[in-house]
Amino acid sequence: MSQFEEISSALSFGGKQLTLAHGSKATGTTMRLSVFLPPAAKDGRVPVVYYLSGLTCTEENFTVKAGAQRMASELGLIVVAPDTSPRGEGVPDSPDYDLGQGAGFYVDAVQAPWSTHFKMYSYVTQELPGLIEEQFPVRRGAAGIFGHSMGGHGALTIAMRHPDIFKSVSALSPIVAPSAVPWGRKAFTAYLGADEAAWKEHDACYLARERGFPGQILVDQGTADPFLEEQLQTQRFIDTLKENRQSAKVRMQPGYDHSYFFIATFIDDHLRHHARMLNG
Ligand SMILES: N[C@@H](CCC(=O)N[C@@H](CS)C(=O)NCC(=O)O)C(=O)O
């Protein structure tokens, strides 16, 4: 029996775009997610790619703005996009757009009041893949992860910590050094506490130095992104990747900003990257 309640379903490029909800053990709330099933999923097992969204997003932004369905259908990829945090009655929030609901930062909070529900790390690394594999025809050992901004941070850190689960990784405009920039420092202080030692395992630059990833990492970053200098600081990641001889392609895209217009422009390249790694 399905654990998922179907909120909506629509055909798209011969596949099916679903919005689902379920009671999450990790967050103790109802979580929403979108799932795209390509036509190939009717006939057999196919790879799955998880997409993690950025600040202020729900499962909907990527689903309606990125235009991923055409290429996912062609390549035969299931694409799963969860919400960015727990929500609902009794879930704490902040008036700021970069903390609380819509800003889970893909960590397990240990500080009050966040620690009761803000368990997005456990949700994305354990509960969600478990449920998706149970309910959909996912090919064993063929899962990838990617994301945007806060979700790019989530994808990079989670992939480097769980290469056994996620065999491919990419990111669009990712936060790569959360311990060093205002968005990350604010969220990590609130969720993880003031002791910065606990932040390291959620910092892509630290993890690239200490662990790396056993496959090529793809990153796209717009040069006209208003967050580039203060919050994203892509050069820190480029330097770390070079120093550690990590296989990677980091592409600075001239004139592109931080929006879904940028994401939609490069989404096909990211889906192809995952299909190549997961089918190879
Ligand atoms: N201050 C901005 C920052 C938020 C922002 O740029 N969010 C990005 C991710 S970091 C996003 O994807 N927004 C939703 C969208 O464009 O649909 C706002 O509140 O809109």
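The values are calculated or read from the model by the stated rules, or taken from the named source; none is laboratory data. In this text, all values refer to a predicted model and were calculated from it rather than measured experimentally. A quick note on method: Cβ atoms are made from the backbone with ideal geometry, for glycine too, and the neighbour counts reach across all protein chains shown. Side chains are part of the model used for accessible areas, which takes the heavy atoms of the whole protein and leaves out ligands, DNA and RNA. Shrake-Rupley method; radii C 1.70, N 1.55, O 1.52, S 1.80 Å.
Remarks
- Residue within segment 103-115 that is under 24 Å from Phe262 (Cβ atoms) and either more than 15 Å from the ligand (Cβ to nearest atom) or among the acidic types (Asp, Glu) (or both) present: no
- Checking segment 191-202 against the condition returns no match, with no residue being within 16 Å of the ligand (Cβ to nearest atom), under 22 Å from Gly54 (Cβ atoms) and out of contact with any Asp or Glu (no Cβ under 7 Å at 6 or more places or on another chain).
- Looking across Ala187, Ala208, Ala177, Ala198, one residue alone is at pLDDT 95 or above and open to solvent by 10 Å² or more (accessible area, probe 1.4 Å). It is Ala198.
- With respect to the conditions (1) assigned to a loop (DSSP other than H, G, I, E, B); (2) under 16 Å from the mean Cα position of the chain (by Cα), Tyr50 lacks only one, and its number is (1).
- Some residue of segment 94-104 being open to solvent by less than 10 Å² (accessible area, probe 1.4 Å) and assigned to a strand (DSSP E or B): yes
- Complete set of residues in segment 78-92 that are more than 30 Å from Arg272 (Cβ to Cβ) and surrounded by 15 or more Cβ atoms within 10 Å (Cβ to Cβ): Pro86, Arg87, Val91, Pro92
- Odd one out for Leu232 among (1) open to solvent by 20 Å² or more (accessible area, probe 1.4 Å); (2) at pLDDT 95 or above; (3) not hydroxyl-bearing (Ser, Thr, Tyr): (1)
- Counted residues, segment 267-278 - those being within 18 Å of the chain's Cα centre (by Cα) and either crowded, with 19+ Cβ neighbours inside 10 Å or over 14 Å from Arg70 (Cβ atoms) (or both): 8
- The residues of segment 32-47 that are closer than 21 Å to Ala159 by Cβ and under 17 Å from the mean Cα position of the chain (by Cα), listed by number, are Leu33, Ser34, Val35, Phe36, Pro47.
- One residue alone among Met160, Met150 is of a type outside the set (Gly, Ala, Ser), within 16 Å of the ligand (Cβ to nearest atom) and crowded, with 17+ Cβ neighbours inside 10 Å, and that residue is Met150.
- Some residue of segment 11-21 being in contact with a helix residue (DSSP H, G or I) (Cβ under 8 Å, 6 or more places away or on another chain), under 26 Å from Val176 (Cα atoms) and touching a residue at least 60 places away in the same chain (Cβ under 8 Å): no
- Residues of segment 53-85 classified as more than 16 Å from the ligand (Cβ to nearest atom) and either in a strand (DSSP E or B) or of a type in the set (Gly, Ala, Ser) (or both), total: 6
- Within segment 230-262, being out of contact with any Lys or Arg (no Cβ under 7 Å at 6 or more places or on another chain) and within 15 Å of the ligand (Cβ to nearest atom) holds for Glu230, Gln231, Leu232, Gln233, Thr234, Tyr256, Asp257, His258, Ser259, Phe261, Phe262.
- On the stretch given as segment 1-42, residues that are open to solvent by 30 Å² or more (accessible area, probe 1.4 Å), at pLDDT 95 or above and either under 15 Å from Val124 (Cα atoms) or not in a strand (DSSP E or B) (or both) total 10.
- Of the listed requirements (1) within 16 Å of the ligand (Cβ to nearest atom); (2) touching a Gly at 6+ places or on another chain (Cβ under 7 Å), Asp225 misses just one: (2).
- Filtered residues of segment 109-167 (kept if among the hydroxyl-bearing types (Ser, Thr, Tyr) and not in a helix (DSSP H, G or I)): Ser149
- Summed over segment 168-190, the residues that are away from the ligand (no atom under 15 Å from the Cβ) and outside any loop (DSSP other than H, G, I, E, B) give a count of 9.
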